1. So, in nm, how far is label residue 251 from label residue 117 when the simple model puts each one 7 Å beyond its Cα toward the Cβ?
2. So how far apart, in nm, are the two label points at residue 100 and residue 45 if each is 7 Å from Cα heading toward Cβ?
3. Once you sort the root eigenvalues of the Cα gyration tensor of segment 18-177 as a ≥ b ≥ c, which label holds: rounded (a/c under 1.5), prolate (a/b larger than b/c) or oblate (the other case)?
4. Less than 13 Å from a label point 7 Å out along the Cα-to-Cβ axis of residue 143: which backbone N atoms in segment 94-132 qualify, by residue?
5. For segment 147-281, report the accessible area per residue in Å² (1.4 Å probe, heavy atoms, rounded to an integer).
6. Which three numbers, in whole Å and largest first, are the semi-axes of the equivalent ellipsoid of segment 15-102 derived from its Cα gyration tensor as √(5λ)?
7. Tell me whether segment 163-226 comes out rounded, prolate or oblate; compute the Cα gyration tensor, take square roots of the eigenvalues as a ≥ b ≥ c, and use a/c under 1.5 as the rounded threshold.
8. What's the carbon and sulfur percent of the chain's accessible surface, probe 1.4 angstrom, rounded to a whole number?
Amino acid sequence: MRIDLHTHSSASDGTDTPGDLVREAAAAGLDVVALTDHDAMSGWAEAQRAADEAGITLVPGLEISTTFRHRGVHLLGYLPDPAYPPLVAVLDRILAGRTARTPAMVAALQARGIAITEDDVRREAGGSVAAGRPHVADALVRMGIVADRTEAFHVLLNPGRPGYVDRYAVPLEEMIPILTAAGGVAVIAHPWGRSGGSVLDEPALASLKELGLAGIEVDHQDHSPAFRARLRSIAADLDLVVTGSSDHHGLGKVDHDLGVNTTDPEQYERLLSLAGRPLGG
Ligand SMILES: [Zn+2]
Ligand SMILES: [Zn+2]
């Protein structure tokens, strides 16, 4: 059984529609794929229809933008009740913050003499519920200002760069209990990747487990073999679920092909049982 528990569609910053993403997952030989768009659950219905047709299992999820000790941390949530009011309220607030951020980023870039407009960004966002930094990056690429998204972030859009604008993110210590109360399973995405970094050490993860944290994403392209080994041993110490995923973004991110990392079936079963949905149940 091949299981990939972290992918993005055009409901956030991926380039495939939710349906296409699931069909590609089936074609790539995956049996289980999770759709985890940033702060959005709007792709679930279309993805579920495609999964039913393709005969593979969809795990509905999302990746929430949180903060922990002044750092950005991405939190994966699997199988929450999408109508749970506190979850809906947090996502609305994140979405509002992100929507207000685009005009501010555009203004900051214009002040640097870059002739970008909000319309340019909206066009790149297409069907996404929220235009965000990746879409600003795509607009800059299309304008020929930078070669690709990576350069756009590096030169203009990362913290400390001229086009960066801060925005609301929910504290991680608040989000884990909300997700759990929504019947979901909380797993920290790429804990030692580009975001998060060293603040998520073993004592921090132990304290987050007390709040309901269920697992950590260990096998991710941002993690070196040494990081993976260390994180695996921390997960064993703390009895956390270990996941592995592609963090696929379609054409939006290179070296993140579907199934490039996968989750062990035993770990997947643990995750399902934590959500109260044992395999086949
Ligand atoms: Zn992430
Ligand atoms: Zn992601």
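The values are calculated or read from the model by the stated rules, or taken from the named source; none is laboratory data. What you see is a predicted model; the values in this text were computed from it and never measured. Here the Cβ is made from the backbone with ideal geometry for all residues, glycine too, and neighbour counts use every protein chain on show. Please note that ligands, DNA and RNA were not included when accessible areas were found on the heavy atoms of the full protein model with its side chains. Shrake-Rupley method; radii C 1.70, N 1.55, O 1.52, S 1.80 Å.
1. About 2.4 nm separates the two model spin labels.
2. Result for the modelled spin labels: 2.9 nm.
3. oblate
4. Correct set: 103-124.
5. Counting only protein heavy atoms, the per-residue value for segment 147-281 is 44 Å².
6. Square roots of five times the eigenvalues give 26, 13, 12 Å.
7. Oblate shape, in that a/c is at least 1.5 and b/c is the bigger or equal ratio.
8. On the chain, the fraction of accessible area on carbon and sulfur atoms equals 53 percent.
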